[in-house]
Each structure stands twice: as structure tokens, then as C-alpha cells.
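Notes follow once the structure below has been shown.
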Amino acid sequence: MTDAVQYINGQWLPGEGPLFTSRDPAKNAELWRGAAASTSQVSAAIVAARAASVAWADRGVEERLIIAKRYGDLLVEHKERLAQLIAEETGKPYWESLTEAAAMAGKIALSEKAYFERTGTTENPMADGRAFIRHKPHGVVAVFGPYNFPGHLPNGHIVPALIAGNAVVFKPSELTPKVAQEMVKLWDQAGLPAGVLNLVQGEVSTGQALAAHPNIDGLFFTGSSRTGNVLHTQLAGQPSKILALEMGGNNPLVVGEVADIDAAVHSIVQSAFITAGQRCTCARRLLLPKGEAGDRILARLLAVTKAIKVGLYDAEPQPFMGSMISPQAAKSMIAAQAHLLALGGQSLLMLKSLQADTGLVSPGIIDVTAISDLPDEEYFGPLLQVIRYGDLAEALTVANNTRYGLSAGLLSDYQQDWEYFFRHIRAGIVNWNKPITGASGAAPFGGVGNSGNHRASAYYAADYCAYPVASVEDDKVSMPANLSPGLNF
Ligand SMILES: NC(=O)c1ccc[n+]([C@@H]2O[C@H](COP(=O)([O-])OP(=O)(O)OC[C@H]3O[C@@H](n4cnc5c(N)ncnc54)[C@H](O)[C@@H]3O)[C@@H](O)[C@H]2O)c1
Ligand SMILES: O=CCC[C@H](NC(=O)CCC(=O)O)C(=O)O
């Protein structure tokens, strides 16, 4: 008998599918083992969610919020333990994992505010009655999570979905099942009724069974553009299902004229190397001016990046960068670097494996200016591509030369440069003199192009968790003041 890792209709059950494991990528140790949900278990989770959804929606938002707040309190109470699990399962340093746990707890108040602000009830007076705008839940929604924020990002779909009155079937990343399990246990402890939140663990085939199920009303996905595109194609021709896609980016950070080189380099490092480059918002392409000003920034960036401390999530003192998610992910970054070198890139700082069979790598910087046909790929790790440019117009052309459009930034002391940049750049998160990572949950979060499907998450997640209903109402049926022509009463 394998461990009870599936949560269906309020019960923890062993999976009926193939075994899979989760490993600590920094210490190369097994953390978790379980059997995947079978297709029939995925169906059972959807049946349970459907059965629970009506009563959950009927409870009303205030009652739902009581449970969500209890869950939030539990997140605060257990934040150290949760952060420890996030650190072990992803390799993120403990300090950073604590910020993820805190963001999860902060999501409750933000989602409550967003629910009322964006999808609450509005009454508009009419001469002979009342007009209302109200919002209703979709019913049963599937939530798919990525590995890089195994708690915070699925939480960013689940919390607003439940507050809005939906029932959820959650399929976390197969690389981070332990964090997902812990999250669901806290919801259970908070008193969520059976069936309102279900957890189906497993690899791609479990996700495929969930996405293909005819009885879901929506699918909220955070993950790669590759998978997002598969899901988009799969749900084509099903306009009744709401699809929210939060996907990857090939994000540009443009440096203009700046007086404080250290401040600029700090913003670059925070943008490119936090979470070992495994944030969807990370800067992938750094656009530096040709000439001495750009040379000075590059020299300082190289010096600071060489000195970045990389290490185990529990090392003391703490490293800035922890392990990548897996030894395979580390190998794929080394392969990406080799590919760019073969195309004509010039390594300025080699990304290297720091320990065999782990995800520990050092950050890399590569000048790709000479590559005429630079791949428009999201290399999801700590490898920053440098491109030298002539003037700001050229920088904008290069920055926008991507099929993605998630985040972008400008470092410049000149307001007119910012205004020009903002007018011309195409992305959903556009920052000035700030890192392009670390987006606020109090703002919408989403991208254009291949980064999303115009259903921004974070503060705007409320929008895709409910549909609007317009009503005109009166207490009694009454004759209108003016009859339409041709009617006789
Ligand atoms: N825009 C955002 O908000 C955001 C946030 C975080 C991560 N990301 C992106 O996510 C990626 C990293 O995450 P990942 O590697 O876990 O993503 P992924 O696409 O590999 O996996 C995401 C989820 O989809 C499932 N899945 C994979 N293939 C599937 C299929 N064919 N059918 C159904 N489900 C399937 C996985 O099991 C997992 O649960 C990066 O590209 C990153 O940019 C985007
Ligand atoms: O990896 C992708 C997410 C990166 C993260 N974004 C957010 O946390 C969005 C805010 C929210 O969802 O509450 C970042 O920008 O660092």
C-alpha cells in the first residue's frame, strides 16, 4: 500500500497510478514518494467537486471568507515549517522560501479586497426599478501549478477561486507534491467542506486526464508556454470553459544612462539571478549601451555576479542563490549555454555545475550581440544574455523582438527615456528603475504574446474566478410609463 497522497471528497487516499517521487535537488535525496491519481480518481475528484460546488456557492462570500481567513492564520502559524518544505523541495534558500510562505498568507486579504472591488455587487438606480451587476462562480475549476513557486502560485488561483464560490481540483507540479499536500492539509484543518478542494497528484498524464475532462468549467494554469499552448489547443472549440494561462517570458531589461552603477547592477542581479533565474519574470536579456558607459556597468556586473554566494538552502550564512529544481534542469542550462556559444555567443562568465547530481550551478553571463539569429527561447535558469545597442530606439526594437511579453524594465535616470520606453515596450509588467522580478500581488500579473491569454492573475484573478450577471429588477411587475407603438392595453 502506498501513502495516501490524493485528497478526494475530503479523504486522503493512495493513488492508483504509477509511482513517482520528489527529490531534494540540493542534497540529492528522496523527499516524498506516492502513486499518481488514475484517470478514474481524477474523475472522482471532479464528481466530488461538482457535488460540493452548489452548497459552497450557496454559503455566501462572508462564510467562505471565514474559512479562507482561518487558512490564512494557519499559513502564518506554520510559515517556518512550510518554508522549510519549500526550501527542501525546490532548493530555494530558506530566507526566500519564507517570503513565499508570507506571500501565500498575504493572498487572503488581497483576494478579499479584489473580490469586492472587481467582482462584488453594484446597484445602479433606475427610474422604475433597480439595476444590479453581480458575479457568480463558474462551478468546478482545475488549477495547475508550476514548480518554481509551488505554494504561492497555485495559491494565487485557489484562494480567489474558492472565495468566489468555485470548487477546485488542484494538480500541482510533479516536482513539488509535498508542498502541495501541506497546503491542502491546511485548508482541511481550516474547515473547508469535503469536495470543495481536491488534490490530484501525478505526472503529465494526470494533468492530461484533468484538462481533458468534459465536466470542468474552467482551467487556471501557471507554467510553461509549451504546456499552456497545448492546453489552449486542447480547449479550443469549448467556449463554455474559462481558460486562464500564466506562462513564460523572454524578458528584456534595458539599461540607459545611470549615475549609480552599483544600484543598477543590484537591480540587474535581482532581476536575473533571484531564485536561480527560475522566475517567470526574470531578466533573460540585458540590453547595455555600446561604449564606455555600458562597459563600466558590465565590468561591475561581472564582479558582483562572480561573488554571488550559491549554496544549500539551509547554509549559514544564507546564500543568495540556491539549487535549481533538479540536476536535469541544471544540465539543460549548461546545454543552453553551449548552444548559444556554438551560435557565436561569447561567454563572459560561465554557468557551471557546482556539484554533480544536484541542481547547484553558478550564474552565467553571455554576450550574444554577435548572434544574428538569436533563439527566442525562455532559458529558465541563471543565464543572462547581454546585447549591446546603439540608441534607445534600437534597444526597444531588440527588446520587443520576442514572441513573449511578460516583464520588461528600464534603468535610466531620465524621465523622457522612461516615457518613450513605456510607450513602445510590449509587456504586461513594465518597470522603471526597479528589478523586474518581485511583482506585487496588489496589481494585475500577466503578459501578452506567448506569455498569457489576456487573463491576468494576482489582483485580477478575481475576474476569471467569476462571471458577471446583469439584472434589472422591481419588487412587483408593473406597466411601463410609455407603451411601445402598436400595443393596446
Ligand atoms: N506567468 C506566470 O505567472 C508564471 C509563473 C511561474 C512560472 N511560469 C512558467 O512556468 C514554467 C516553469 O514551470 P513548470 O516547468 O512546472 O511548467 P510546466 O508547464 O512543465 O508544468 C506546469 C503544470 O502543468 C502540468 N502539465 C505538463 N504538461 C501537461 C499536459 N500536456 N497536460 C496537462 N498538464 C500538463 C505539469 O504536470 C504541471 O502541473 C516556466 O516557463 C515559467 O516561466 C509562469
Ligand atoms: O515565477 C513567476 C512569478 C514571479 C513573481 N510574481 C508574482 O509573485 C506575482 C504576484 C502574485 O501572483 O501575487 C515575481 O514577479 O517575482
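The values are calculated or read from the model by the stated rules, or taken from the named source; none is laboratory data. Everything quoted here is computed from the prediction, not taken from an experiment. Glycine also receives a Cβ, built like all others from the backbone with ideal geometry; neighbour counts cover every protein chain displayed.
A few notes on this one:
- Members of region 260-310 that are in a loop (DSSP other than H, G, I, E, B) and within 16 Å of ligand 1 (Cβ to nearest atom): Gln278, Arg279, Cys280, Thr281, Cys282
- Filter result (within 18 Å of Val254 (Cβ to Cβ), away from ligand 1 (no atom under 12 Å from the Cβ) and free of Cβ contacts under 8 Å to residues at least 60 places away in the same chain) within region 426-448: Arg426, Val430, Asn431, Trp432
- Taken over region 212-226, the criterion of being buried (at least 21 other Cβ atoms within 10 Å of the Cβ), closer than 20 Å to Leu153 by Cα and not aromatic (Phe, Trp, Tyr) is satisfied by Gly218, Leu219, Thr222, Gly223, Ser225.
- Qualifying positions in region 356-367 - in contact with a strand residue (DSSP E or B) (Cβ under 9 Å, 6 or more places away or on another chain) and surrounded by fewer than 19 Cβ atoms within 10 Å (Cβ to Cβ): Ser362
Residue-wise test of (1) within 16 Å of ligand 2 (Cβ to nearest atom); (2) closer than 26 Å to Lys92 by Cβ; (3) touching a Phe, Trp or Tyr at 6+ places or on another chain (Cβ under 8 Å); (4) in a loop (DSSP other than H, G, I, E, B).
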| residue | (1), (2), (3), (4) |
| --- | --- |
| Leu351 | no, yes, no, yes |
| Gly381 | yes, yes, no, yes |
| Glu394 | no, no, no, no |
| Gln416 | no, no, no, no |
| Arg426 | no, no, no, yes |
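- Residue match in region 321-333 (condition: among the polar types (S, T, N, Q), assigned to a loop (DSSP other than H, G, I, E, B) and without any contact (Cβ under 8 Å) to a residue 60 or more places away in the chain): no
- Ile325, sole failed condition from (1) touching a Pro at 6+ places or on another chain (Cβ under 8 Å); (2) within 22 Å of Thr402 (Cβ to Cβ): (2)
- Of all residues in region 197-208 being hydrophobic (A, V, I, L, M, F, W, C) and touching a Lys or Arg at 6+ places or on another chain (Cβ under 9 Å), the one that is nearest to ligand 2 (Cβ to nearest atom): Leu199
- Asn229 vs. criteria within 30 Å of Gln385 (Cβ to Cβ), of a type outside the set (Asp, Glu) and surrounded by fewer than 24 Cβ atoms within 10 Å (Cβ to Cβ): yes
- Some residue of region 394-405 being closer than 29 Å to Leu245 by Cβ, touching a strand residue (DSSP E or B) at 6+ places or on another chain (Cβ under 7 Å) and among the β-branched types (Val, Ile, Thr): yes
- Verdict on Thr90 being within 16 Å of ligand 1 (Cβ to nearest atom) and either free of Cβ contacts under 8 Å to residues at least 60 places away in the same chain or not aliphatic (A, V, I, L, M) (or both): yes
- Every pair of residues 6+ apart whose Cβ atoms lie under 8 Å, when the first sits in region 151-168 and is closer than 11 Å to Val61 by Cβ and assigned to a loop (DSSP other than H, G, I, E, B) while the second is within 14 Å of ligand 2 (Cβ to nearest atom) and among the hydrophobic types (A, V, I, L, M, F, W, C): Ala164/Ala462; Ala164/Cys465
- Of all residues in region 449-488 being out of contact with any Pro (no Cβ under 7 Å at 6 or more places or on another chain), hydroxyl-bearing (Ser, Thr, Tyr) and in contact (Cβ under 8 Å) with a residue 12 or more places away in the chain, the one that is surrounded by the fewest Cβ atoms within 10 Å (Cβ to Cβ): Ser478
- Selection within region 203-245 - within 8 Å of ligand 1 (Cβ to nearest atom) and under 30 Å from Val76 (Cβ atoms): Phe221, Thr222, Gly223
- The condition of being at pLDDT below 95 and not basic (Lys, Arg) holds for only one of Asn482, Asn453, Asn401, that being Asn482.
- Matching residues in region 235-273 - criterion: being closer than 30 Å to Ala142 by Cβ, crowded, with 17+ Cβ neighbours inside 10 Å and among the aliphatic types (A, V, I, L, M): Leu235, Ile242, Leu243, Ala244, Leu245, Met247
- Check on Gly248, in contact (Cβ under 8 Å) with a residue 60 or more places away in the chain and either within 7 Å of ligand 1 (Cβ to nearest atom) or of a type in the set (Ser, Thr, Tyr) (or both): yes
- Of the strands (runs of 3 or more DSSP E) entirely within region 4-96, those holding at least 1 residues that are at pLDDT 95 or above and touching a helix residue (DSSP H, G or I) at 6+ places or on another chain (Cβ under 6 Å) occupy 4-8, 19-24, 29-35.
- Filter result (over 16 Å from Asp376 (Cα atoms) and loosely packed, with under 14 Cβ neighbours inside 10 Å) within region 392-412: Ala393
- Subset of region 169-192 (residues that are among the hydrophobic types (A, V, I, L, M, F, W, C) and either under 16 Å from the mean Cα position of the chain (by Cα) or in a helix (DSSP H, G or I) (or both)): Phe170, Leu175, Val179, Ala180, Met183, Val184, Leu186, Trp187
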